[in-house]
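Everything on this sheet refers to the single structure shown next.
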Amino acid sequence: MTTAKIEKLDRLIEATATARDAKTGSLWRQSIRRMRHSPMALTGAIIVGLFVLVAVVGPWVAPYDPTAQTWGREVFLNQNIFPGPRPENWFGLDHLGRDMFSRMIVGARQTLLVGVVATFIGFIAGAFIGGVAAAAGTFGGRWGERVEAVIMRAVDVALAIPMLLLALSVAALLGPSLRTVMIAVGVAQIPIFARLLRGSMLAQAHSDYVLAAIAIGVPKGRIVVSHILPNSLGPVIVQATLVLATAIIEAAALSYLGLGNPDPGSAEWGTMLADAQRFLSGAPQLAIYPAVGIIVTALGFTLLGEAMRESLDPRLRRQE
Amino acid sequence: MLRYTVKRLLQLSVALLGLSLLLFAWFKALPGGPENRLLPENATDRQREALRAALGLDEPVWTQYGEFLGRIVRLDFGSSLSSGRPIATELAERLPATVELSLAAMLIAVGLGIPLGYLAAKRRGTWIDFGTVSGSLLGTCIPIFFLAAMLKVVFAQELGWLPTTFRLTAGADFTEVTGLRVFDGIITGEFDIAWDAVKHLILPAIALSSIPLAVIVRITRASVLDVVGEDYVRTADAKGLKPSTVRGRHVMRNAMLPIATIIGLLLGSLFAGAVLTESVFAFGGIGSFVYQATTERDYPALMGFILVIAVFYVVINLLVDLSYGLLDPRVRVRK
Amino acid sequence: MALGLFTACGSDGDAGGDADTAEDFDFSCPERTDGEPAADTAANESQPFVFGTPGDPTSLDPILASDGETFRVNRQVFDTLLDADCTDTVPGLAESYEQNEEGTEWTFHLREGVTFHDGEVLDGAAVCKNFERWANFKGGYQSPNFTYYYSSVFGGFAENDPAMGIETESIYKGCTADGLDATISLSKYTSSFPGAFTLESLSIISPASIDAVADAAIPTADSPLPEYTQTVGTLAGTGPYKLENWDHSSQEVVLTRNDDYFGEPAKVKTVIFKTISDETARRQALEAGDIHGYDLAAPADAQALIEAGYQVPVRGVFNLLYLAYTQSHSPLDDHAVREALSYAIDRERIVNSVLPAGGMVATQFIPPSLEGYSEDVATYDYDAEKAKQMLADAGAEDLTITFCYPTDVTRPYMPAPKDIFDMISSDLQNAGVTVEAKPITWVDYIPTTRSGECPLYLLGWTGDFADPYNFLGTWFATESTEWGFNNPEVFDSIAAANTEPDEAKRVELWKAANEAVMEELPGLPISSSPPSIAFAPNVYPPDVSPLTREDFSQVYFTTAS
């Protein structure tokens, strides 16, 4: 898997590093133009747009309190009695007599939050590690190079461990909670971002404008902060979109393994899905609603991310 | 070349040592002691303390780390908290099941993925391309434990076409050779056993293949697109070679290189996926073991597993890197 | 719409039925009503009976085990001096026994003509050899990790190994054999006897087996179990089944019939215990015919199975789930507040909606099948208004309280901790209490609750044998941080009952102890509920046992399709 990951990341870096050399217009404008005609990008964008909309307005439009066991005495989970869809509860009741529809809508926000925070954690820590490695390698002399080599080997080792296992280890350490899920999934993304950032920054470092900046004596720290870093962000945005999808799915997997969010009050799709697995034969709807939510959302982010990646990739571009 | 190899090995050992430190720190920082897992809930505090002391949890940290490293080198990961057996034995015993399942999943992924990826590349930009790529992406977006459970509910529980659990019908009388039941059934001539094993493999293998399938579709597509754009393919086309010849000799042969690399390395995601599929089918491989270890907080078992996987990968990666170095002189020059 | 809502509520509520109460349900061991259908003799000989278990057994040597999955296998293969029928102590390998007045000399008269699977003959010497072996365990063998039950019953070993941290002295003094008699001497009586002689851990193995494993070492507390406990062939018991094979990688244990069994021979020739850890997977395997029975069915599954024609015999209850009020946290030290909280909780909803059939609301800290169960304890029936009022009177209207629950387990007494937690906290919130949820992983849960960190927490216990001390003594023998109260009246009443050898007096003392406990109200007993066990329609199931001691030699395939 590592080589595949690395190859993909390297491609992405290469794609954006050539940004400055592009002759016609900015790379981004080109990409967006290309993406407008891609069914993948369109579908992805629509799904993501809808999801974000629901996540933002959800809590205000939900008909009921998603945590109140209003109809608690109508549900008998030991006898498979789950009052189904009916006028006052469009999606029926969950196993504690809470309104499923409200839980789904409110859950969208929690789900998005998990994805975004996890990705952000991965990005920040990854950027730090990748940035340190790249800076050390470029400006740190002989020792710097060694530091860089060791850091990057460690990143490679971490990349080699399946993401779920990394997340699992972290979740085991922190005990189950929503915060844990975010951190665990985020930590699992660190090596990806680290590798991406470092590669991207190195590519920038060897570009003409940085060489020029060095030549005219701009301090090294400033070059890193104000030139290299901002210009390395392109591939990161693409990667972040893809990571968001993974984060949502991994969060569900962690919940399934019992390491997820144990707070039964809060509504979050991954927790809801894992929790409903046990009613799969008696009340499959309890699992299917959140499952469909997760699948569609993850697909939306993946389609969008893949389309972005493709439109940025010069090797695929040139055949058009 | 030798210098490159030595350098990589050195960096690797530093990284591995770092990994072991991290793992140890992780293990030390885990909440709750093993004593709570080992004793019934009405054990007295005195009994708990006694066990803690007896387990050496009161020794200085560095002694414990030394002990830890020594054990890893001897492949002794301690005993599982839930079964009381050596973790190395548990993992070794369950390996064949997971290997068989992974191979079956990989077979499905390759058998479907390469033709689909080729098709998508050939029809790039059409709805066929979009359908294939997003279809394969959909596979990665379904939480694998849910996919497994749904497959089982539909094809085993409701339709009754396939068995719901295990690797063989319970109590089946078979000869064990390699531990790969299908293979064993064929070489010993117990074809009914082999067929039984195949039936038990189908559903979990399909569930497990969803992610590698998507990866293979996309890699095939990308590398076919890459190769199609190369001068030698255009030349071949221009020469007027038969399309099938171009496809077989020029396109696929060159596109296969990255695909083949990927297949070897996808095993990682398969092992992680096995954790989420095997338990659904009570398949009894490493995945089931790790699932149980996770839900029961059997941390030594979990750590043993992570360690084995990590070392496994690091070694495979090193081999791949080195072979690249051998095959592609540019790699050596670059660093 | 509001009206519609009410009717829906009413009718569904009826569908749930009322919780079984002590009056209308024989909770200990319900009579069997299924008769004895005709056996399919051909199938019994040719077809293995496959039983799905939630986990693997750990050890083939019963003394080194403390978990139910191991005992499930061991009790088919080994026998104990005394046996349990329902929760009553009945003859096992011993036809009868006598005790002296002080309860310190126990003489067992063994059955005649009992042979072990390896051909050895059972006599007093064989029994004593077992007891001597246990008492003289050395090194890691003494760790509670391996011999939890032995050290719990007998206090310690002949020579306690300081490294294993056991400091109490052994109350086992010795064993003398005389033909078919074996006399075990103790230095003091506890109410664990004679119940403890039914513990599967104290199963009798053949003298030759003991010699064969004499050299097997467990050097430290974290050593793996010796090899002989993991492979079939070393240990011989007397039970209706012999160990045939244990395939670790397939997670199956195969037993075959012991044709020389002293009791009624087993009906089915081959029994296989096969592990399926996922509860949904167990049910699906049963429905698909891959297995013929399984244990720990989820309550919802049990109901669906019954509707589909499967058999789910209801076990008697022998466990207890409770909500603890840790009194070191103010205002839980106020009796009125504890009482108010107790009134606030609708325990019937929990029993009706979450717990398996046969579950019942608990009124005291022991299940109803035990001696000393009192009908006269103080009860606290659900009354949300009263709860609010009492909280207001006690000056605790704005009470905020931390409530702990375990996240990653199901226990036999608690099939869905999270659901139960959720219902209780919803009830408390309705009474005006603000609940702060504190989920804790199982490994961490016991120490945390023990330390008294949690003001409110859910926990429970399944009895090992019929002895109220096994319940009450575990919790209320002395002052402890997990309960945080000091009420000598409660402690003394339990101690008095525990050391009274005379049965009639003891029963009255236990009743008094239960009443004292419920007066103190250290926590709210929530429920006793049997874990569900399920069987295929064409199987004659064994008598189900509140102690989950099913005897699979009773099982057979019937001619029913």
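The values are calculated or read from the model by the stated rules, or taken from the named source; none is laboratory data. Model, not experiment: these values are computed from the prediction. No Cβ is skipped: glycine too gets one built from the backbone with ideal geometry, and neighbour counts run over all protein chains shown. The area values use the complete protein model at the heavy-atom level, side chains included, leaving out ligands, DNA and RNA. Shrake-Rupley method; radii C 1.70, N 1.55, O 1.52, S 1.80 Å.
For the stretch C:287-326, what is the convex hull volume of the alpha-carbon atoms per residue, in Å³?
Details: hull volume 4.3 nm³, N = 40.
Each residue corresponds to 107 Å³ of Cα convex hull volume.
Collect residues whose amide H, placed 1.01 Å from N in the peptide plane, falls under 5 Å from the amide H of C:Thr402; neighbours closer than 5 in sequence don't count.
Counting only residues 5 or more places away or on other chains, the set is C:Glu436, C:Leu456.
For the stretch A:75-119, restrict the atom set to alpha-carbon positions and state the Rg and Dmax in Å.
13.5, 41
Once amide H atoms are placed 1.01 Å from N in the peptide plane, what residues at a sequence separation of 5 or more from C:Asp83, or on another chain, have their amide H within under 5 Å of its amide H?
HN-HN under 5 Å from C:Asp83: C:Val90, C:Gly92.
For the pair A:Val225 and C:His335, how long in nm is the line joining their label points, each one 7 Å along Cα→Cβ?
6.9 nm
Give me P(r) over the stretch C:394-514, computed from all C-alpha to C-alpha distances, binned every 5 Å, as integer percentages.
2, 10, 16, 16, 17, 15, 13, 7, 3, 1
Residues of B:195-202, mean number of Cβ from any other protein chain within 10 Å of their own Cβ, rounded to a whole number? Let's see the in-between values first.
Working: counts 0, 0, 0, 0, 0, 1, 0, 0.
Rounded to a whole number, the mean comes out at 0.
HN-Hα J couplings of the stretch B:76-87 from phi, Karplus 6.51/-1.76/1.60, θ = phi - 60°, integer Hz, Gly and Pro as x?
Values per residue, Gly and Pro as x: 9, 9, x, 9, 5, 6, 8, 9, x, 9, x, 5 Hz.
Just to make sure I understand: if all protein chains stay in place, what is the order of C:Asp79, C:Asp376 by accessible area at 1.4 Å, largest first? Mind showing how you got there, number by number?
Values: C:Asp79 20, C:Asp376 120 Å².
I get C:Asp376, C:Asp79, largest accessible area first.
Taking the alpha-carbon centroid of each part, what is the distance from the stretch B:188-241 to the stretch C:493-547 in angstrom?
Value for the Cα centre distance between the two parts: 62 Å.
Once the protein assembly as shown is represented by equal point scatterers at the alpha-carbon sites, with solvent omitted, what log10 I(q)/I(0) does the Debye formula produce at q = 0.05 Å⁻¹?
-0.38
Of A:Ile223, C:Thr198, C:Pro530, whose Cα points farthest to the positive end of the dipole of the protein assembly as shown (charges on the beta-carbon: +1 Lys, Arg; -1 Asp, Glu; origin at the Cα centre)?
A:Ile223
Over the stretch C:394-439, what portion of Cα pair distances is larger than 11 Å, expressed as a whole percent?
Working: 699 of 1035 pairs.
Distances greater than 11 Å cover 68 percent of the Cα pairs.
To the nearest 10 square angstrom, what accessible area does B:Lys122 show with a 1.4 Å probe?
110 Å²
How much of the accessible area of the stretch C:190-284, probe 1.4 Å, is carbon plus sulfur, in whole percent? The partial results should precede the final answer.
Values: 1240 of 2890 Å².
Answer for the stretch C:190-284 is 43 percent, counting heavy atoms of protein chains only.
Percent antiparallel among DSSP beta bridges with both residues in chain C, to the nearest 5? Intermediate results must be reported in sequence, preceding the final value.
On the way: 55 of 71 bridges.
Antiparallel: roughly 75 percent of the beta bridges in chain C.
Given contacts defined as C-alpha pairs under 8 Å and at least six residues apart, what's the relative contact order of chain C, whole-number percent?
Numbers: 1190 pairs, mean separation 114.8, N = 561.
Averaging sequence separation for qualifying contacts and normalising by length gives 20 percent for chain C.
Peptide B:144-157: average number of partner chain Cβ atoms within 10 Å per residue?
Details: counts 5, 9, 15, 2, 0, 11, 5, 0, 5, 6, 0, 0, 5, 8.
Partner-chain Cβ atoms within 10 Å, mean over residues of B:144-157: 5.
Under 29 Å from the Cα of B:Lys242, which lysines turn up, not counting those fewer than eight places away in the same chain?
Here the lysines satisfying the reach criterion relative to B:Lys242 are B:Lys122.
With respect to the cross-link table entries B:Lys199/C:Lys274; B:Lys152/C:Lys418; C:Lys242/C:Lys274; B:Lys28/C:Lys138; B:Lys152/B:Lys199, which display a Cα-Cα separation exceeding 21 Å?
On the way: B:Lys199/C:Lys274 19 Å; B:Lys152/C:Lys418 26 Å; C:Lys242/C:Lys274 16 Å; B:Lys28/C:Lys138 29 Å; B:Lys152/B:Lys199 13 Å.
Over 21 Å Cα-Cα: B:Lys152/C:Lys418; B:Lys28/C:Lys138.
Can you work out ³J(HN,Hα) from phi for every residue in the stretch C:77-88, in order, using Karplus 6.51 cos²θ - 1.76 cosθ + 1.60 and θ = phi - 60°, giving whole Hz and x for Gly and Pro?
10, 10, 10, 10, 4, 10, 10, 10, 10, 6, 10, 7
Sort C:520-530, A:189-199, B:195-205, A:38-48 for me by packing, meaning the mean count of neighbouring Cβ atoms within 10 Å per residue, highest on top.
Values: C:520-530: 24.5, A:189-199: 26.9, B:195-205: 21.0, A:38-48: 19.2.
For the peptides C:520-530, A:189-199, B:195-205, A:38-48, the packing ranking is A:189-199, C:520-530, B:195-205, A:38-48.
What is the antiparallel percent of DSSP beta bridges lying wholly in the stretch C:395-471, to the nearest 5? Walk me through the numbers on the way to the answer.
Working: 1 of 10 bridges.
Within the stretch C:395-471, antiparallel bridges account for around 10 percent of the total.
Calculate the mean, over all residues of peptide C:282-294, of how many other protein chain Cβ atoms lie within 10 angstrom of the residue's Cβ. Working shown, then result.
Working: counts 3, 6, 13, 9, 2, 6, 8, 4, 9, 5, 1, 0, 0.
Per-residue shielding by partner chains comes out at 5.
May I have the convex hull volume per residue, in Å³, for the Cα set of the stretch C:159-226? List each step's numbers first, then the result.
Values: hull volume 9.9 nm³, N = 68.
Here the figure is 146 Å³ per residue.
Wrap a convex hull around the Cα atoms of chain C, take a quarter of its surface area, and give that in square nanometres. Spell out each step's value before the answer.
On the way: hull surface 106.6 nm².
For chain C, averaging the hull's shadow over all directions gives 26.6 nm².
Which whole-number value in Å² is the accessible area per residue of the stretch C:127-192, probe 1.4 Å? Please report the intermediate quantities before stating the final value.
Working: 2410 Å² over 66 residues.
Per-residue accessible area for the stretch C:127-192 comes out at 37 Å².
Among B:91-103, A:144-156, what's the highest-first ranking by average C-beta atoms within 10 angstrom per residue?
Details: B:91-103: 21.7, A:144-156: 19.7.
The most tightly packed comes first, giving B:91-103, A:144-156.
Give me, ordered by chain and number, the residues 5 or more places off C:Lys173 or on other chains with an amide H under 5 Å from its own placed amide H.
C:Ser185, C:Leu186, C:Ser187
Tell me, what ³J(HN,Hα) does each residue in the stretch C:245-255 have, in order and in whole Hz, if you take phi through Karplus 6.51 cos²θ - 1.76 cosθ + 1.60 with θ = phi - 60° and put x for Gly and Pro?
6, 10, 9, 5, 6, 8, 6, 9, 10, 10, 10
Can you pull the Rg over Rh of the stretch C:22-152, Cα-only, Kirkwood?
On the way: Rg = 18.7 Å, Rh = 18.4 Å.
Radius of gyration relative to Kirkwood radius: 1.02.
Pop a pseudo-label 7 angstrom from the Cα along the beta-carbon direction at both B:Phe312 and A:Ile32 and give the gap in nm to one decimal.
4.6 nm
Given the DSSP H assignment, sum -39500 (n - 2.57) over each helix run of at least 4 residues in chain C and divide by its residue total; what's the result at 222 nm in deg cm²/dmol, nearest 500? Write down the numbers at each step before the final one.
On the way: 16 runs with 166 residues, N = 561.
Calculated mean residue ellipticity at 222 nm is -9000 deg cm²/dmol.
What percent do you get for the relative contact order of the stretch C:411-508 when only Cα pairs under 8 Å and 6+ apart count?
Working: 48 pairs, mean separation 20.4, N = 98.
The value is 21 percent.
Taking the alpha-carbon set of the stretch A:61-199, what are its Rg and Dmax in Å?
In Å, with Rg to one decimal and Dmax whole: 22.5, 72.
Sorted by average packing, counted as other Cβ atoms within 10 angstrom per residue and highest first, what order do C:93-101, B:107-115 take?
The densest-packed peptide leads the list: B:107-115, C:93-101.
P(r) of the stretch C:442-482 in 10 Å steps, Cα pairs, percent per bin?
Bins of 10 Å from zero give 26, 50, 24, 1 percent of pairs.
Over all directions, what mean area does the Cα convex hull of the stretch A:189-249 project, stated in square nanometres? Walk me through the numbers on the way to the answer.
Details: hull surface 16.7 nm².
Projected area, direction-averaged: 4.2 nm².
Cross-link partners among aspartates and glutamates for C:Lys511, C-alpha distance below 15 Å, same-chain residues fewer than 8 apart left out?
Once the sequence-local aspartates and glutamates are set aside, what remains near C:Lys511 is C:Glu371, C:Glu375, C:Asp376, C:Asp467, C:Glu489, C:Asp492, C:Glu500, C:Asp502, C:Glu503, C:Glu519, C:Glu520.
Would you mind giving the three semi-axes, in whole Å and largest first, of the ellipsoid equivalent to the stretch C:140-286 according to its Cα gyration tensor?
On the way: eigenvalues 192, 96, 56 Å².
They are 31, 22, 17 Å, listed from largest to smallest.
Give me the three principal axis extents of the stretch B:186-320 from the C-alpha atoms, as integers in angstrom, largest value leading.
Projected onto its principal axes, the Cα set of the stretch B:186-320 covers 64, 39, 25 Å.
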